[in-house]
1. If the only charges are +1 at each Lys and Arg Cβ and -1 at each Asp and Glu Cβ, what is the size of the charge dipole of segment 50-192 around the Cα centre, to the nearest 20 debye?
2. Pop the C-beta distance of Arg227 and Leu85 into the FRET formula with R0 = 35 Å and round what comes out to the nearest 0.05.
3. Among residues other than Thr128 whose Cβ falls under 12 Å from its Cβ, what is the net charge (Lys/Arg +1, Asp/Glu -1)?
4. Before anything else, pin down the relative contact order of segment 58-190: Cα pairs under 8 Å, at least 6 apart, normalised by residue count, whole percent.
5. Calculate for the chain the 222 nm mean residue ellipticity that helices alone would give, adding -39,500 (n - 2.57) per DSSP H run of length 4 or more and normalising by residue count, nearest 500 deg cm²/dmol.
6. Rounded if a/c is under 1.5, else prolate if a/b beats b/c, else oblate: with a ≥ b ≥ c from the C-alpha gyration tensor eigenvalues square-rooted, which is segment 189-247?
7. From the phi angles alone, apply the Karplus equation (6.51, -1.76, 1.60; θ = phi - 60°) to segment 68-82 and give each ³J(HN,Hα) in whole Hz, x where the residue is Gly or Pro.
8. Under unit Cβ charges (Lys, Arg +1; Asp, Glu -1), what dipole magnitude, rounded to 20 debye, does the chain have relative to its Cα centre?
Amino acid sequence: MESGSQEVLAEEYVIKHEPYYEAVNDELRIFESAYQNKLPILLKGPTGCGKTRFMEHMAWRLKRPLITVSCHDDLTASDLVGRYLITSGETVWVDGPLAKSVRAGAICYLDEVIEARKDTSVVIHPLTDNRRILPMEKKGVVLKAEDEFCLAVSYNPGYQSVLKDLKQSTRQRFVALEFDYPNVETEIKILVKETDISPDLAKALIQFAHMTRNLKGNGLDEGASTRLLVHAALLIKDGIDPRTACKTSIAQALTDDTEILSAINELCSSLF
């Protein structure tokens, strides 16, 4: 890829406006230090707690392009690196998102990395040590990462299983940042900022969220995330009854079990 193409690519993925993110601990400073020292970063935490927003904020803060890959069961190493495709009767090479990031000196964020197929770890390992290279076996070349390149991955430890876990040989290559739902004061600030609802309504929604989070392991895999609270708040602000908003954007999103749904809806009715 020529330098002009890299510049166009980089510009395409640049975040121009500051994504709102409320720091909880010292995650901003740690990420910046890891980036300056060319260390890969691992984000650990439950669904909807702000990992992706944090990555968007850091990309904006560091003025680097951000290429995000939502990992899934069918994601292969070729999907990340690239492949030959037939276009207009010609065989051409098309870079995958990881190769694009390496060439452009972008931040590549692999969201829920343990969902990807096992061969992806073989591809990312050479990028996570002092080699910082990406072997492209199908082309017979090796890409050297630009100094600005950064690899970040995330996963939800709550969904770990025997079949889906991050191997120690992979985990120990990263600087790990642990995320969780923010404290009440911070979460109120986030809801008010994101949705412009009143602090009192935000407090009530968060109280409801804590009730559902207490059910984790007792009928629920996860409690209500900050993301779901934002969804409910936006519906309420638009005139939807709070109980209906919580039922459709929180309860139904958490479970299909009728007994658990009934219990969650009763909790909601006690507050709204």
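Derivation of every value follows stated rules applied to the coordinates shown; laboratory data play no part. This structure is a prediction, so every number in the text was calculated from the model and none was measured. A quick note on method: Cβ atoms are made from the backbone with ideal geometry, for glycine too, and the neighbour counts reach across all protein chains shown.
1. Roughly 440 debye for segment 50-192.
2. For R0 = 35 Å, the calculated efficiency reads 0.50.
3. For residues surrounding Thr128, the net value is +4.
4. 24
5. The per-residue figure over the chain is -12000 deg cm²/dmol.
6. Verdict is prolate for segment 189-247.
7. 9, 10, 8, 6, 8, 4, 9, 6, 10, 4, 5, 4, 7, 7, x
8. Result for the chain is approximately 680 debye, rounded to the nearest 20.
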